[in-house]
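The values are calculated or read from the model by the stated rules, or taken from the named source; none is laboratory data. Only a predicted model underlies this, so the values are computations on that prediction, with no experimental measurement involved. Reconstructed Cβ throughout: ideal geometry from the backbone, glycine too, with neighbour counts over all protein chains shown.
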Amino acid sequence: MTTNTKQSQLAANRGRLFKDRATRWGVTFGGGMVLIALLLIFFYLLYVVEPIFRSVDVEKQYDFDIPGGGSTLAMGVEEQSEIGYRFNDLGELIFFATEASERLNRNIGDVLLSELVTDSAPTAFAMTAPQNNRYALAHSQGFVTVVQPKFRVSFPNDLRTIVPVVDIISGSEPLQVDEAGQAIRKLAYDYDGESMLFAAVTDDNRFIVNKFVGSENFMTGAVELKSNFTEVEFNGTVDELEVTPDLRQVFARRGNRVYVFDVAIDGSVSESQLLNVNAKELGNVTTMELLAGASSLVLGHDSGAISQWFQVPSDDGRQYEYIRKFQAAKAAITEIVVEYYRRTFYAIDANGELGVFHTTSEANLYQERPADIAAERAVIDPRANSLMVQANNKMHFYDLDNEHPEVSWSGIWQEVWYEGYPEPTYTWQSTSGSDDFEPKFSLVPISFGTIKAAAYAMLVAVPLGLAAAVYTAYFMSPSVRKVVKPTVELMEALPTVILGFLAGLWLAPIIEQYLPGIVSVLILIPLTIVLLAFISTKLPQKIRQQLTDGRAALILLPFILFVGWASFAASPLVEELLFGGNVRGFITNELGVTFDQRNSIVVGVAMGFAVIPTIFSIAEDAVFSVPKHLSNGSLALGATTWQTLTKVVLLTASPGIFSAVMMGLGRAVGETMIVLMATGNTPIMDWNIFEGMRTLSANIAVEMPESEVGGTHYRILFLAAFVLFIFTFMFNTVAELVRQRLREKYSSM
């Protein structure tokens, strides 16, 4: 060997060594970057989700002397938390500053406007639901004045200026609520559009209900109020009254009994239900309040408990039932304050402790004395960002951080009894057209839908994909394999949005129309293949030897196509003979099974079709890569082709086959467009093959564009993405562990 040859070989070895090292470092760097990317995704999802599990934070800002005189009947804060107001027992409405302003020469606690609403001290006082923001003050002789604090916003020199205004809704003359002219001692009031409903107890202990219905005078355009007065027969003394904002019900509490009265459109009143509170379990009732939406009644008890009641369907119609309780304090509940739109309420007990609770999540969010003061009264601003507490002849102002009270671990993963539902259930219903809608954020139905969609897809994809892979790799002739394998793998390039579009608009109607034909195909095609295989065993040896190069599968195709065509052609006849010409009606009416056009069958076929190439490609490579000396040795020892396949080839290829199945499962779990377009997106929990589902990925795709950035709905969707991430991570981890175990077990073959 010459010196030049040695030098050239040395240079080649150095070059190869450099390439090997560069490749190793490149692969290591790439793998590390993938791992870092996954960790970044993981922690970013946690970063977005974490705020929904934070506890309530109440931070004191300042306090000031109570503006004006007298005792406080009610108080409130405007939306920007710049101005507060209070009604006192002298009939005054006092507006005061809760935020200082140098531009307006305003200090915290300054009185901005004080107006005497009634000429004398009111005999009774009532307020509407918080979102309606009206107040009723009763005079002597059965008159009532309705007042609404308003705030006019202007922008002089592009600077926001808020000016308080007193709007007398009842006009220059108060409304005659009691036609007998008796003074009113207890009062409840609310309104709906132009109609108003008053419930009252008079000085002579009469229980009256008066509904004022507004109608527009077509001549003058003025709104005229027509009184519909009813005196309700009631034995005993009424302790407390409430009126629903829809003006359909009145609640009258006497001790531990709450009487529910229905109010008709014409103002007539009838008793519909009596709620008997279990004082032994809950304690004596001290106060009651309607939650936002007025679907739930909450009762405070002297034991410190608070109970929730709402209507549920029953044999006697919709009836109020005791649903749940909150142990709010150790002392008697003296006041319950509800938020404007959410199912959050605030409770004050006799010891001055403040509790914050949410009914849907069944959460006790906060319970202590805020800044160590004994609270007497409290009010929340419309945005639930500020808390104003009256205590020790002062007003105490707090910043309130309670962004996501609807979310709790139990509310997400356990059954919740939602308002109006007959029983606790798993429900996903995130939005509605109503501001006082009760959000339902259970992830169980959409997690179940994800598993259901993947399961039905795998029922289609695994048998077809693995059978095709084994046959292609082991039995098919090389010339045919060169055509079949790339063709099947090319199916993976089809956009899933096209598959979903075809599944929803083309395949779903076909399955509904030819359901007997679909069932016939599933039964007859396997029977046809088995029958033809049996017939082939009876053919002469010479003919059978000519079909061993893979052409047998091609011969099967015409028979399979014919059976498929015949099944569909005979479908209307089978439907007419066996199901009276309406198989969907038979399934729905006779079997009592819900039938949706976009159902699990459609999803299984469409998504199975999308997953087959993944399973086929990986499994086919695994089977084809089994060393030939293993199969040849088995055949040489006298084993049949089938014995060699089942006892040698499949066992050796089992790590790759299992990986193929798990990769297909991961693809099915994360699929979006097919399940978005072909499932009907109904978040139900039912294995019924004739019903659809909603999956995690489809739910994110549908609802993310309409969610408020940073809101509860937005973060819950990120939590759904986190759950989906965990699903795929678990599947991949299990797949890798099993694959390694199988590789170690069969590597010695």
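Looking at segment 418-449 only, could you name the residues that are outside any strand (DSSP E or B), modelled with pLDDT of 90 or more and within 14 Å of the chain's Cα centre (by Cα)?
Result: 418, 426, 427, 442, 443, 444, 445, 446, 447, 448, 449.
Residue 635 is checked against (1) surrounded by fewer than 20 Cβ atoms within 10 Å (Cβ to Cβ); (2) under 28 Å from residue 683 (Cβ atoms) and fails just one. What number does that condition carry?
Failing condition for residue 635: (2).
Quick check on my filter: what residues within segment 296-340 are closer than 21 Å to residue 257 by Cβ, modelled with pLDDT under 90 and among the polar types (S, T, N, Q)?
The one that is closer than 21 Å to residue 257 by Cβ, modelled with pLDDT under 90 and among the polar types (S, T, N, Q): 314.
Would you list the strands (runs of 3 or more DSSP E) that sit entirely within segment 101-156 and hold 1 or more residues that are more than 28 Å from residue 250 (Cα to Cα)?
Numbers: elements: 111-116, 124-127, 135-138, 143-154.
Of the strands (runs of 3 or more DSSP E) lying wholly inside segment 101-156, those with at least 1 residues that are more than 28 Å from residue 250 (Cα to Cα) span 111-116, 143-154.
Kindly indicate which of 703, 708 is without any contact (Cβ under 8 Å) to a residue 12 or more places away in the chain and not polar (S, T, N, Q). I'd like the intermediate steps shown before the answer.
On the way: 703 fails: without any contact (Cβ under 8 Å) to a residue 12 or more places away in the chain.
Answer to the check: 708.
When the residues of segment 157-180 are filtered to those that are surrounded by fewer than 12 Cβ atoms within 10 Å (Cβ to Cβ) and assigned to a loop (DSSP other than H, G, I, E, B), which remaining residue is nearest to the chain's Cα centre (by Cα)? Write out each step before concluding.
In the first step, residues of segment 157-180 are kept if they are surrounded by fewer than 12 Cβ atoms within 10 Å (Cβ to Cβ); the result is 157-160, 167, 171-173.
Now restrict to residues that are assigned to a loop (DSSP other than H, G, I, E, B): 159-160, 171-173.
Values: 159: 40, 160: 37, 171: 45, 172: 48, 173: 49 Å.
Across segment 157-180, the extreme among qualifying residues is 160.
If you scan segment 262-287, which residues turn out to be within 20 Å of residue 235 (Cα to Cα) and among the aliphatic types (A, V, I, L, M)?
Passing the criteria: 263, 269, 274, 275, 277, 285.
Taking residue 539, is it part of a helix (DSSP H, G or I) and either of a type outside the set (Asp, Glu) or not assigned by TED's automatic domain parsing to the domain that holds residue 651 (or both)? Break it down stepwise before answering.
Values: part of a helix (DSSP H, G or I): no; either of a type outside the set (Asp, Glu) or not assigned by TED's automatic domain parsing to the domain that holds residue 651 (or both): yes.
Criteria not met by residue 539.
Collect the residues in segment 614-631 that are surrounded by fewer than 22 Cβ atoms within 10 Å (Cβ to Cβ), among the small types (Gly, Ala, Ser) and under 19 Å from residue 660 (Cα atoms), keeping them in residue-number order.
Hits for segment 614-631 are 617, 625.
Do we find that residue 675 is of a type outside the set (Ser, Thr, Tyr), over 29 Å from residue 495 (Cβ atoms) and surrounded by 22 or more Cβ atoms within 10 Å (Cβ to Cβ) in this structure?
no
If you take the residues of segment 49-67 that are of a type in the set (Val, Ile, Thr) and either free of Cβ contacts under 8 Å to residues at least 60 places away in the same chain or touching a helix residue (DSSP H, G or I) at 6+ places or on another chain (Cβ under 7 Å) (or both), which of them is surrounded by the most Cβ atoms within 10 Å (Cβ to Cβ)?
The residue in question is 52.
Here are some residues: 465, 500. Which one is within 30 Å of residue 632 (Cβ to Cβ), surrounded by 14 or more Cβ atoms within 10 Å (Cβ to Cβ) and of a type in the set (Gly, Ala, Ser)?
Numbers: 500 fails: within 30 Å of residue 632 (Cβ to Cβ).
Step by step, each of 465, 500 is checked, and only 465 is within 30 Å of residue 632 (Cβ to Cβ), surrounded by 14 or more Cβ atoms within 10 Å (Cβ to Cβ) and of a type in the set (Gly, Ala, Ser).
Out of everything in segment 288-333 that is in a strand (DSSP E or B), small (Gly, Ala, Ser) and crowded, with 21+ Cβ neighbours inside 10 Å, what residue ends up being farthest from the chain's Cα centre (by Cα)? Don't jump to the end; show me each part of the working.
Keep residues of segment 288-333 that are in a strand (DSSP E or B), which gives 288-290, 296-301, 305-314, 317-327, 333.
Among the residues that remain, those that are also small (Gly, Ala, Ser) are: 296, 300, 305, 307, 314, 317.
Subsequent filtering for residues that are crowded, with 21+ Cβ neighbours inside 10 Å retains 296, 300, 307.
Values: 296: 20, 300: 29, 307: 25 Å.
For segment 288-333, the residue satisfying everything is 300.
Within segment 68-100, work out how many residues are acidic (Asp, Glu), touching a residue at least 24 places away in the same chain (Cβ under 8 Å) and assigned to a loop (DSSP other than H, G, I, E, B).
In the first step, residues of segment 68-100 are kept if they are acidic (Asp, Glu); the result is 78-79, 82, 89, 92, 99.
Add one more test, that the residue is touching a residue at least 24 places away in the same chain (Cβ under 8 Å), and what stays is 78-79, 82, 89, 92.
Filter once more, so that each one left must be assigned to a loop (DSSP other than H, G, I, E, B): 78-79, 82, 89.
Looking only at that region, the number is 4.
Could you please find all residues in segment 254-268 being touching a residue at least 40 places away in the same chain (Cβ under 8 Å) and farther than 20 Å from residue 228 by Cβ?
258
In segment 693-749, which residue that is assigned to a loop (DSSP other than H, G, I, E, B) and not polar (S, T, N, Q) is farthest from residue 53 (Cα to Cα)?
Just the residues of segment 693-749 that are assigned to a loop (DSSP other than H, G, I, E, B), to begin with: 694-695, 707-711, 747-749.
The next check asks that each one be not polar (S, T, N, Q); those that pass are 694, 708-711, 749.
Numbers: 694: 25, 708: 18, 709: 17, 710: 13, 711: 13, 749: 53 Å.
Step by step, filter segment 693-749, then rank; the result is 749.
Read through the list (1) in a strand (DSSP E or B); (2) within 24 Å of residue 358 (Cβ to Cβ), then give the number of the only condition that residue 252 fails.
Condition not satisfied by residue 252: (2).
What residue, of 99, 92, is over 23 Å from residue 188 (Cβ atoms), surrounded by fewer than 21 Cβ atoms within 10 Å (Cβ to Cβ) and not small (Gly, Ala, Ser)? Talk me through it step by step, then tell me what you get.
Values: 92 fails: over 23 Å from residue 188 (Cβ atoms).
Within the list 99, 92, the selection yields 99.
Give 199, 180 a once-over and let me know the one that is hydrophobic (A, V, I, L, M, F, W, C), on the phi < 0 side of the Ramachandran plot and touching a helix residue (DSSP H, G or I) at 6+ places or on another chain (Cβ under 8 Å).
Details: 199 fails: touching a helix residue (DSSP H, G or I) at 6+ places or on another chain (Cβ under 8 Å).
Every option except 180 fails the conditions.
Do you know which residues across segment 576-596 are under 13 Å from residue 513 (Cα atoms), modelled with pLDDT of 85 or more and either touching a His at 6+ places or on another chain (Cβ under 7 Å) or not in a helix (DSSP H, G or I) (or both)?
Listed by number, the residues that qualify are 582, 595, 596.
Which residues, taken from segment 369-403, are in contact with a strand residue (DSSP E or B) (Cβ under 9 Å, 6 or more places away or on another chain), under 23 Å from residue 711 (Cα atoms) and assigned to a loop (DSSP other than H, G, I, E, B)?
381, 382, 384, 385, 402
Quickly run through segment 155-171 and pick out the residues that are closer than 18 Å to residue 76 by Cα and among the small types (Gly, Ala, Ser).
Within segment 155-171, none qualify.
Looking at (1) modelled with pLDDT of 90 or more; (2) in a loop (DSSP other than H, G, I, E, B), find the lone condition where residue 452 falls short.
Condition (2) is where residue 452 drops out.
Answer yes or no: is there a residue in segment 489-505 that is part of a helix (DSSP H, G or I), over 20 Å from residue 461 (Cβ atoms) and of a type in the set (Asp, Glu).
So far as segment 489-505 goes, no, none of its residues is part of a helix (DSSP H, G or I), over 20 Å from residue 461 (Cβ atoms) and of a type in the set (Asp, Glu).
Restricting to segment 441-454, name every residue that is of a type outside the set (A, V, I, L, M, F, W, C) and either without any contact (Cβ under 8 Å) to a residue 60 or more places away in the chain or surrounded by fewer than 21 Cβ atoms within 10 Å (Cβ to Cβ) (or both). Spell out how you get there, then give the answer.
Taking segment 441-454 and keeping what is of a type outside the set (A, V, I, L, M, F, W, C), we get 442, 445, 447, 449-450, 452.
442, the sole residue that qualifies.
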